[in-house]
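Right, one structure below, let's go through it.
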Amino acid sequence: MPNWYSHQLSFQELKQFIDEARNGKENKKAFIGTVESAAAMRIKAVCGEDVTSIMLESSSIRHSHGKIHHNLEDDDLLHLVDTINSATDIKLSPKKSENNKVLEFKKNINGEITFVEEVRINHGGWLSLVTCYRLKKQRRGDAPRKR
């Protein structure tokens, strides 16, 4: 069996990986995409690091979907690679994950969604999901949220 990082998941395999992770207890990793050169330059300008690959761990899927206040829809994590490669709203978080830098990628996909990614330089320049969340959609009659 090949290592998890030697095979990039297809769209269907990614969908299956997310579904299994949401309902399972096992901790697995998956290679889900590459960072395009333009995105790598934007990321380096924000955090000073070179990244080339995107991974997803089952524990971060369960964390993201397990929090009701994250307001995630079933297919939100399928937008992860595209968001990293196309987002221009990238911010260096003041928080660290496992002593690594953390980036926030925001994009409007039927409402604002934020992907929080750990920058793992010691492991070859990978981005790894920490969490993901959506802004709660405001309903008519709701008071505006303070930010």
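The values are calculated or read from the model by the stated rules, or taken from the named source; none is laboratory data. These numbers were taken from a predicted model, which means no experiment stands behind them. Cβ sites come from the backbone with ideal geometry, for glycine too, and all protein chains shown count toward neighbours.
List the helices (runs of 4 or more DSSP H) inside segment 35-96, counting only whole elements, that have at least 1 residues being under 14 Å from the mean Cα position of the chain (by Cα) and polar (S, T, N, Q).
Here the list reads 58-66, 80-86.
Which residues, taken from segment 1-58, are of a type in the set (Lys, Arg) and in contact (Cβ under 8 Å) with a residue 12 or more places away in the chain?
Lys15, Arg22, Lys28, Lys29, Arg42
Can you tell me which residue in segment 133-147 is modelled with the highest pLDDT, limited to those that are in a loop (DSSP other than H, G, I, E, B) and within 24 Å of Arg62 (Cα to Cα)?
Once the filter is applied, the top-ranked residue is Leu135.
Would you confirm whether or not segment 4-15 contains a residue that is surrounded by 12 or more Cβ atoms within 10 Å (Cβ to Cβ), modelled with pLDDT of 95 or more and among the polar types (S, T, N, Q)?
no
Can you tell me which residues in segment 101-132 are assigned to a loop (DSSP other than H, G, I, E, B), without any contact (Cβ under 8 Å) to a residue 60 or more places away in the chain and out of contact with any helix residue (DSSP H, G or I) (no Cβ under 8 Å at 6 or more places or on another chain)?
Hits for segment 101-132 are Asn110, Gly111, Asn122, His123.
Please tell me if Ser97 is touching a residue at least 60 places away in the same chain (Cβ under 8 Å) and either of a type outside the set (Val, Ile, Thr) or surrounded by fewer than 15 Cβ atoms within 10 Å (Cβ to Cβ) (or both).
Against the criterion (touching a residue at least 60 places away in the same chain (Cβ under 8 Å) and either of a type outside the set (Val, Ile, Thr) or surrounded by fewer than 15 Cβ atoms within 10 Å (Cβ to Cβ) (or both)), Ser97 does not qualify.
So is Leu72 more than 12 Å from Leu129 (Cα to Cα) and modelled with pLDDT of 95 or more or not?
In short, no.
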